[in-house]
């Protein structure tokens with residue numbers, strides 16, 4: 001009996017090591033239901049964007065232009081084959097009547113990564129932040145810094 005339990009524990013530990021411990025958070029979420037939901041980081045990011053003083057509400061014409069350009073992936077350069085970024089962008093293809101889009105121009109922490117200046121757009125649906133996209137940046141040898149591939153999409 002002790003050897004069976006030892007083998008099971010060893011198998012679990014081995015599976016954890018070989019699967020880069022991706023199983024462990026799932027097991028922890030089942031054991032401890034008070035753990036944060038999967039999208040906690042995205043919700044925190046959206047809350048930060050909604051309260052940010054640099055947000056600018058787009059007019060109806062600007063909103064339509066921005067959504068059209070996001071839909072055709074003009075904000076992406078090298079990651080157009082990244083299914084996750086494409087899926088986020090395709091949400092902007094079907095706007096509803098009361099949707100709002102906010103624009104953030106060179107805003108610290110408005111992009112996806114911490115400490116990055118970002119030019120981004122936030123889709124707000126039914127008063128709640130729904131999706132956001134950031135204009136991708138490229139390194140400019142002339143300027144010796146990263147710059148957005150396009151200035152804005154509206």
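The values are calculated or read from the model by the stated rules, or taken from the named source; none is laboratory data. Treat the numbers as computed from the prediction; the structure is a model and nothing was measured. Note: ideal-geometry Cβ built from the backbone for every residue, glycine included; neighbour counts use all protein chains shown.
General observations
- Residue within region 113-127 that is at pLDDT below 85, under 17 Å from residue 43 (Cα atoms), assigned by TED's automatic domain parsing to the domain that holds residue 53 and within 17 Å of the chain's Cα centre (by Cα) present: yes
- Number of positions in region 75-84 that are surrounded by 11 or more Cβ atoms within 10 Å (Cβ to Cβ) and free of Cβ contacts under 8 Å to residues at least 40 places away in the same chain: 2
- Index of the failed condition, residue 35 passing every other in (1) out of contact with any helix residue (DSSP H, G or I) (no Cβ under 6 Å at 6 or more places or on another chain); (2) modelled with pLDDT under 85: (1)
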